[in-house]
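The values are calculated or read from the model by the stated rules, or taken from the named source; none is laboratory data. A quick note: this is a predicted structure, and the numbers were derived from the prediction, not measured. Because the Cβ atoms are built from the backbone with ideal geometry, glycine has one as well, and the counts that use them run over all protein chains shown. Quick note on the areas: whole protein, heavy atoms, side chains included, nothing else; ligands and nucleic acids left out. Shrake-Rupley method; radii C 1.70, N 1.55, O 1.52, S 1.80 Å.
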Amino acid sequence: YVLTLLDGEIKDKKIIKKYLKRTSKGVDRLSYIVKDLDLITKFESGMAKLDKKPFDIRLTIENVFESLEIQAKKSNINLRMNRQYNDPIFVIADEERIQQVIINLIINSLKYGVERGITEVSIEVFDKNKILIRISDNGEGIEEEHLPRLFERFYRVDKSRDREQGGSGLGLSIVKHIIEAHNQSINVRSTLGTGTTFSSSSFGCS
């Protein structure tokens with residue numbers, strides 16, 4: 001698109017604007033890829049440092065819901081907790097990174113959600129030192145053959161749709177690196193046509 005515009009052959013302002021918009025999207029996508037690859041490289045090399053502090057995981061999830069509210073409405077998907085949590089649930093982790101994990105997983109569910117679908121977050125407290133966070137949806141689901149490779153860099157279940165949605169294609173890979181940096185694990189269960197559930201193993205509570 002840039003080379004075409006530089007040739008100076010196109011005079012129609014509408015076409016020029018269309019090409020500039022497509023160029024902008026391409027630049028944004030490349031920026032996401034460079035930034036995300038840099039983050040993954042830092043985790044793999046041990047350069048990425050975690051800032052572990054106590055925080056209320058409920059408030060973090062609420063902040064994520066607020067930040068993704070517009071995107072969820074555009075997708076006509078309801079973001080919700082599985083129930084009301086009245087008391088604080090403190091965990092010791094890097095809040096910024098954990099928030100990034102939750103954002104990436106919810107964005108993934110919005111991409112593959114269904115009209116008037118639901119993305120639900122639950123927090124299961126085993127005791128004062130163990131919790132489990134689940135993010136579930138009733139979307140398209142993922143075929144079993146894709147599940148083992150889901151966290152690989154640039155791996156796409158639906159290449160054509162992912163390309164339309166944009167992003168770097170590294171979201172789930174980043175999720176895996178962040179969770180493993182906390183010495184925890186990320187698991188996924190999915191049934192085609194029914195939905196998908198991501199769950200992270202327990203974080204230490206304060």
Surface/4 of the Cα convex hull for region 27-117, nm² = 7.4
Farthest towards the positive end of the dipole of region 1-89, among Leu39, Leu3, Leu59 and with Cβ unit charges of +1 on Lys and Arg and -1 on Asp and Glu, lies the Cα of Leu3
What does the accessible area of Ser24 come to, in Å² to the nearest 10, when a probe of 1.4 Å is used?
-> 60
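Mind checking region 50-144 for trypsin sites (Lys or Arg not before Pro) that DSSP puts in a loop (not H, G, I, E or B) and that have at most 11 other Cβ atoms within 10 Å?
Arg83, Arg116, Lys128
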Rounded to the nearest 5, what is the percent of antiparallel bridges among the DSSP beta bridges in the chain?
-> 85
Using a Gaussian network model of the chain whose springs link C-alpha atoms within less than 10 Å, name the residue from Asp94, Asp51, Asp137 with the highest mean-square fluctuation.
-> Asp51
How much accessible surface area, in Å² rounded to 10, belongs to the heavy atoms of Met47 with a 1.4 Å probe?
-> 130
Between 0 and 90°, nearest 10: helix 57-67 axis offset from the chain longest Cα axis = 20
Note the angle between two axes, namely the Cα long axis of helix 95-111 and the longest principal axis of the Cα atoms of the chain, as a number of degrees from 0 to 90, rounded to the nearest 10.
-> 60
On average over all directions, what projected area in square nanometres does the chain have, based on the convex hull of its Cα atoms?
-> 13.7
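May I ask you to derive the FRET efficiency for Lys74 and Glu180 from their Cβ-Cβ distance with R0 = 45 Å, giving the value to the nearest 0.05?
Values: r = 32 Å, r/R0 = 0.71.
Approximately 0.90, to the nearest 0.05.
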Please tell me which of these pairs span more than 24 angstrom C-alpha to C-alpha: Lys42/Lys73; Lys35/Lys74; Lys42/Lys176; Lys49/Lys176; Lys53/Lys74; Lys13/Lys35?
-> Lys42/Lys73; Lys35/Lys74; Lys53/Lys74; Lys13/Lys35
Net charge (Lys, Arg +1; Asp, Glu -1) of residues whose beta-carbon lies under 13 Å from that of Lys35, Lys35 excluded, is -1
Choice from Asn78, Asn138, Asn183 showing the highest fluctuation, given a GNM over the chain with Cα pairs closer than 10 Å | Asn183
Mind pulling the angle between the C-alpha long axis of helix 13-45 and the longest principal axis of the chain? Nearest 10 degrees, somewhere in 0 to 90.
-> 40
Rg(Cα)/(2.2 N^0.38 Å) for region 108-154, N = residue count | 1.46
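Residue separation times 0.36 nm, minus the C-alpha to C-alpha distance between Asp56 and Leu20: what's the value?
In short, 8.6 nm is gained.
Rg to Rh for region 72-121: what is it, with Cα atoms only and Rh by Kirkwood? Walk me through the numbers on the way to the answer.
Details: Rg = 12.8 Å, Rh = 12.3 Å.
Rg divided by Rh gives 1.04.
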What is the spin-label model distance, in nm, from Ser31 to Asn187 if the labels are put 7 Å beyond Cα along the C-beta direction?
-> 3.9
